[in-house]
Each structure stands twice: as structure tokens, then as C-alpha cells.
1. Would you point out the residue of the stretch B:112-134, among those that are farther than 15 Å from A:LEU24 by Cβ and crowded, with 21+ Cβ neighbours inside 10 Å, that is nearest to the other protein chains (Cβ to nearest Cβ)?
2. Can you give me the ranges of the helices (runs of 4 or more DSSP H) entirely in the stretch B:1-110 with at least 3 residues that are more than 9 Å from every other protein chain (Cβ to nearest Cβ), β-branched (Val, Ile, Thr) and farther than 30 Å from A:THR11 by Cβ?
3. In the stretch A:18-62, what residues are β-branched (Val, Ile, Thr), touching a residue at least 40 places away in the same chain (Cβ under 8 Å) and either within 14 Å of A:LEU243 (Cβ to Cβ) or out of contact with any Ser or Thr (no Cβ under 9 Å at 6 or more places or on another chain) (or both)?
4. Which one of these is outside any helix (DSSP H, G or I), of a type in the set (D, E, K, R) and over 17 Å from B:ILE32 (Cα atoms): A:ASP133, A:ASP166?
5. Looking only at helices (runs of 4 or more DSSP H) that fall completely inside the stretch A:1-106, which ones have 2 or more residues that are within 25 Å of the chain's Cα centre (by Cα)?
6. When you scan the stretch B:135-159, how many residues do you find that are surrounded by 18 or more Cβ atoms within 10 Å (Cβ to Cβ) and either hydroxyl-bearing (Ser, Thr, Tyr) or at the interface with chain A (Cβ under 10 Å from one of its Cβ atoms) (or both)?
7. Among the listed residues B:LEU183, B:LEU195, B:LEU160, B:LEU173, identify the single one that is at pLDDT 90 or above and either within 22 Å of the chain's Cα centre (by Cα) or part of a helix (DSSP H, G or I) (or both).
8. Across the stretch B:137-166, what is the total count of residues that are without any contact (Cβ under 8 Å) to a residue 40 or more places away in the chain and hydroxyl-bearing (Ser, Thr, Tyr)?
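The values are calculated or read from the model by the stated rules, or taken from the named source; none is laboratory data. Computed from a predicted model, the values in this text were never measured in an experiment. When we count neighbours, we look across all protein chains shown, and the Cβ atoms used for this are built from the backbone with ideal geometry, even at glycine.
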Amino acid sequence: MKKALIYLLLTAVAVIMLYPLLWLVGASFKTNEEIFSSVWFMPKSLGTEVYKNAWDTVTPYTMGHYFINTFMIIIPKIAFAVISSILVAYGFARFDFPMKRLFYALLICGMLMPSIATVMPLYRMWSRLGLIDTYIPLTIPALFAGEGMFVFILIQFFKGIPKEFDEAARIDGCGTLKTLFFVLVPCIRPAVVSIVVFTFLWTMNDFLTPLIMIQSVEKYPLSLALRLSVDSTGQGYEQSKILAMSVIGIIPSISVFAIAQKKFISGITAGGLSG
Amino acid sequence: MKTRIYRNPVGVSKYTGLALISPFIIGAVLFIIYPFIASFITGFTSDGISVENFRNIISDGRIKASAAVTLKYTIILVPLKLAVSLGVAFLLNMELKGIGIYRTAFYIPSILGANLAVIIMWQYLFTSGGLVNQLLEKAGLFPVSWYGDPDAALFIIVLLRLWEFGSAMVIFLAALRDIPRELYDAAKVDGCGRLRCFFSVTIPQIKNIIFINLILQTIAAMQEFSAPYMITNGGPLGSTRTVGMLIYEEMFIYGDEGTANAVSWLLFVFIAAVIFLMYRLTGISGRKQK
């Protein structure tokens, strides 16, 4: 009885959580009139025409173009974030060095730093360097372990590996970096998956940084293209097209999450945040 | 001066660690320390360094108003979100079957997070003839003019972020799993009811995690930008012009780089102060725990 009540409660919450997304998908097939007159998500008819239109967007480029732009930011960012975070976390987890505590405090500071508070001076810095409207301001920070949280997660994982592994590798003649990449990194794969997935999702979601750093429509990532489409369509316009573009816009995140789900959640929960 | 002994494996210099973290050191200088100093210089010293200049900025009506909006938003959202995420995590931790599915369902809105597509969806849900108003009418209630009423407009954004409670929930869930069963058993032997157990065993055991979530959510709330930017554009009557919106508007709409930087710097310092204060008030520190 009690269990049934809990299930009922959880199901109710699940419906609230997922219905808006279901509605979004359904509404992308609806006419304007249908959108604003029916609460049920199922559309009267399913035409694929709207998705063809949505793919073409209201801008001079297709969704495909914006996807490629987005991936041109995401792929280097993932590579940079993984490599730099691993090196830095290894340094913190396994070595002792001058001013270690100071740098550790700085790491936490950086993690808590709101990006809105730093984006204006950084805009000025990148514009002095003539790099506004390139992907450099979006990708290069990842090269310097820009996400403190990743370093944090990795440190926890490294601490979980017995130090004897390192010693054995050292006796067998491995240097510092060889030990890291051939002995330790294979042990922390779930954490690396978490970093890849997080970087993917956060870059897909990031709106503020591209809004400020990217100016020409040709270079827009997906988020800015969506904004542009909303801004340039007025009332009375076919709303379904915007909604269909939004559906296309969330498909990558949902798929990546679906594929990596298990490892990803174990990475967050086993990692730094639970300790 | 006392020389410090560095505990490193044989043959490893004390600089090896420094070399490994050097990307972070460069990054910290470029992306944390530099912006902090630069925003102070641009924000407060453009017409010479003076207390006057500083006072003018903090007494600006627009800045005050938007600070009030941000505070109100944070104070409404953060406790709600923590309560919901802890409550749901608690239910999920009851060792029922099929919990994984629920966990995934609750987590999906969070992974989409600030995705613009979701924000656009939210905007549609609250239009005058949108889904929410249709449901309200079906339930026999009055439809709300969500975009016309200042309080309702802020509430749209609160609801959006509340809907994304999953990330906090996942962290709580992991913490709840770590509580040893014996503690509950012992409490039961001592005659604790369910409610008493929750407040006397669960809460004290996870107070560090509550604190971490509190900080993470507070910081996220205080830098809210994309939702008010897309959904309400700061309106009506500035009721959703968060500090993030204000910084953006000053810089890119009014071209006032000085104010934008001054506000950035103040936000930075304010958040640091809030974290420090919470840290002190809750009396939680890693060292005391051990």
C-alpha cells in the first residue's frame, strides 16, 4: 500500500518532468490553431514536411551547417579538456610541490566562478587579440583545465587507485608520463567518459559565450541559430517550424546521454561530488 | 625558515607536480585572476580611483533593482530546488524496483539544462493560450497573464530551473546511498519513527552534501542569464532583469563597458562573500569533520 503510494507520487513527478518534452515533439507537427487549443500532445496528423522546412531554417544556412559549426567547437574542446584535466589532476593527486594548497584553493575558486562575471573582461581580452568571431575563445580555455569540476572528479578517481601501481610501473622503468598514460588512465575510463559527455552537453547548452564571442551568422553554433530563428519570426508565423527546430536541437544531447548513461551517472556519483 | 619536505617518489623532483599542473596555473592567471583585476580596473577606475566613483556605481537605481531581482529569484528558487531534489532522492533511495527508470526520467531535463531549445519550449508553454493556461482553465482556474505580471514572469523562470532539479538529485542520491544501514537500524532500536530518522540520521549524515548543493545552486541562480534573455527579455518592468541580464545589456545594448565591468566585479565579490558566509554559518569544514 505504502509502496503503491510512493510509485504513484514518483510517476506523477515523472509525468510533470517528461510531458513538456513530449508536448514539444507533438506540437512540432501541429498547426498554430491546434497548438493553442489542445493540451493533448498527439497531433491530428503526422507530416514530415515541417521537419524538411525546419532543417532549412529561416537563415541562409541549413541545420546541418550549424551542426558542423557546433561540432567544430565540441571536438577540440573535448580533446583539450580530457588531456589537460588528466595532467592537472595527476599532478594534484600524486605529487607534492610548492604552493600546492594555494593552487588547490584556486582550483575550487575557479570551479565556483560564475562565467557571467568573467565574460566581459575576457571579451575585451579576446577582441584585443583580434580573435572575436573565431572559435578560439570558445575552445582554448579548455586547454588549460578550464573546468575545475573535471579535475576534481579525476582527482577522486586517481586517489582510488593504489599507489603500488605507480611504484610497480616506476620499477619497470616507466617515467612520470608513461605511468600516467599506460597504467593509470586505463583505470579511470568511467571518469573520462563523464568528462567527454559533460563537455558535449555543456557545449551544446552554452549560449552566453557564443552569443558574445561569435558575430557572423555563418559561424553560429546551433544555440545561436535557434535564437536567430525565434527572433526573425513574428506572430502568425508557423510556430511548428520553430518547435521542430528545437526538437532537432535537443536530439544530439538526448542521444549522447542515452548512449553513455550508465557510465556517465556512475562517473558523477563515484566522482568528486560525493566525497 | 623551515624547509618543507616534499613527499614524492624517489627520483621525482618537487617541480614535477608543478609542471603537470602548469596548464591550470596558466589558465587560472588568464581566466580567473586576469578578469578579476581587469574588471575592477575597467569598472571603477576609468575616471581615476575614488570612493566617489565606487559610490556612484553602487547607488545606481538600475543596478540596485537588478540586484534585488536576482536576490529574490535566488531566495525563492534555491530552497525549493533543494527540498524537491532531496525529497525525490529520498523516495528513490527506498529500494524499490525500477528506480533506474525514474532516475533517468528525472535527470533528462537537467542534461538539457540551459539548452536553448528547452528555453524556447518553456516560452511556448507559458504563452497566453499555451499549455499551462489551457490546463489551468481545464482545472477551473483563471488563466494567468504570465508575461504581463512581474511576479508571474519571474516565476516562469523559477519553474524552469525547478524542473531541472535532476543534477542536485543525483548528487543527493549518491550521498544517501553512502549512509550505513546500521545507523538506521540503531535509530529504530532506539525508537525513532520515520520522520525522526530523517531529521536525526539522514540530514546530519549528508549535511556536507547539502552544503555543496546549496553553493552550486546559489551560484547557478545568481548568474542566471539565458532564461530571462530568451523568455522574458528582462521584462515586464525589469522584473526579470537579473544581474546577468544587466551586465549583458550595459555592455552590448547601452555600450557602457565601465558599468558592465563594475557589476561583473561586484557579482564576483558578492558570490565569494556569500560562499564564505554560508561556510561560516553552517559551521561545515572538511577539517572539523575529520
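1. In this case the residue turns out to be B:ALA114.
2. On the way: elements: B:14-28, B:34-44, B:51-58, B:61-92.
Fully inside the stretch B:1-110 and qualifying: B:51-58, B:61-92.
3. Initial filter on the stretch A:18-62 (β-branched (Val, Ile, Thr)): A:25, A:31, A:35, A:39, A:48, A:50, A:57-59, A:62.
Next, from what is left, pick out any that are touching a residue at least 40 places away in the same chain (Cβ under 8 Å): A:25, A:31, A:35, A:50, A:57-59.
Within the stretch A:18-62, A:VAL25, A:THR31, A:ILE35, A:VAL50, A:THR57, A:VAL58 meet the criteria.
4. Values: A:ASP166 fails: outside any helix (DSSP H, G or I).
Result of the check over A:ASP133, A:ASP166: A:ASP133.
5. On the way: elements: A:2-27, A:32-35, A:49-56, A:63-94.
Where helices (runs of 4 or more DSSP H) fall fully within the stretch A:1-106 and carry at least 2 residues being within 25 Å of the chain's Cα centre (by Cα), they are A:2-27, A:49-56, A:63-94.
6. 1
7. On the way: B:LEU183 fails: at pLDDT 90 or above; B:LEU195 fails: at pLDDT 90 or above; B:LEU173 fails: at pLDDT 90 or above.
Testing whether each residue is at pLDDT 90 or above and either within 22 Å of the chain's Cα centre (by Cα) or part of a helix (DSSP H, G or I) (or both) leaves just B:LEU160.
8. Total satisfying the criteria: 1.
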